[in-house]
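Single-structure report; data block below.
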Amino acid sequence: MKKVLIVAVLLFTFLILSGCSRTFKVTFNIYSGVQESQIIKKGDTINDFTPTLEGHKFISWLYNDEVFDVNTPIENNITLQAYWEKLEYEVKFLSDGELYLNSKIAYGDILKEVEAPTKEEYLFLGWLYNNKEVEFPLIVTDNMEINAKWVKDSEYKPKLKISFNSTGAKTEYDDIILNRLDEAPTLPTPTYDGHQFLGWFIDGSDKEIKTGDIIKEIEDFTLVAKWKKID
């Protein structure tokens, strides 16, 4: 009888200790494809932390689409989902340092082209950000100050010459003369044995010009063919 009692006491003690030392896995879905996990003792709370995601503000953890209280004792394996809100950024359009237009845009949202400003005796050539031409539609990822680009009417050339450098292709192409600023040229498509044509780029820059693009350069320029070797 004593042996039975001892065994029962030992078994009861083992069950109590096993229950106290049981652990559970808490998985944190931070954003698409990014997870973290913690092993938490039964009855303990999670080791709370604040995740980060570019362009977003962390709001809370969700469990079954409900806000999760980080002080909740863990009693089983669970998965928590991070809830985010997009940050909002300010995009300012300036003309000669003066505010022309101000927009509030959420991170990753698209800004369409705005109406061109006017200036007496000047021709508007487009918008610049960090001295580079802005292409629309524009994906906003930060606060921006965008400046109007102007040229004096007296300095604008009514004709613009585009030359070509096919860099390896045997064919040579005649210059194109544009008669007005808003003229969109039709560009040739060169061929080069063993290579794939990637496009025409303004010499000395990474700016690509395609057929149908509105040319906003004010000086004559050369287009250089870019190639990729085919294995």
Select from region 134-180 those GluC sites (Glu not before Pro) which occupy a DSSP coil region and have at most 15 other Cβ atoms within 10 Å, ordered by residue number.
GLU135, GLU172
Running a GNM on the chain with Cα contacts under 10 Å, which residue among ASN71, ASN147, ASN131 ends up with the highest mean-square fluctuation?
ASN71
Among LEU94, LEU198, LEU53: highest mean-square fluctuation, GNM of the chain, C-alpha pairs under 10 Å
LEU198
Eigenvalues of the Cα gyration tensor times 5, then square-rooted: what semi-axes does that give for region 160-229, in whole angstrom, largest first?
22, 12, 10
Once phi is turned into ³J(HN,Hα) by the Karplus curve 6.51 cos²θ - 1.76 cosθ + 1.60 with θ = phi - 60°, what whole-Hz value does each residue of region 112-128 show in order, with x for glycine and proline?
7, 4, 9, 5, 5, x, 10, 8, 4, 6, 10, 10, 7, 9, x, 10, 10
Give the long-range amide H neighbours of LEU94: residues separated by 5 or more places, or on another chain, with amide H under 5 Å away, using H modelled in the peptide plane at 1.01 Å from N.
TYR100, ILE146, ASN147, ALA148
With axes computed from alpha carbons, what is the tilt in degrees of helix 2-20 against the longest principal axis of the chain, rounded to the nearest 10 within 0 to 90?
20 degrees
Taking the radius of gyration and the Kirkwood hydrodynamic radius from Cα positions alone, what is the Rg/Rh ratio for region 23-86, to two decimal places?
0.96
Sort the following peptides by mean Cβ neighbour count (other Cβ atoms within 10 Å, averaged over residues), highest first: 162-169, 215-222.
162-169, 215-222
Below 18 Å, Cα to Cα, which lysines can LYS228 reach? Residues fewer than 8 away in the same chain don't count.
LYS170, LYS207, LYS210
In whole Å, what is the distance between the alpha-carbon centres of region 135-167 and region 54-126?
27 Å
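We did not get these values from a lab; they are worked out from the coordinates using the rules stated. A quick note: this is a predicted structure, and the numbers were derived from the prediction, not measured. Reconstructed Cβ throughout: ideal geometry from the backbone, glycine too, with neighbour counts over all protein chains shown.
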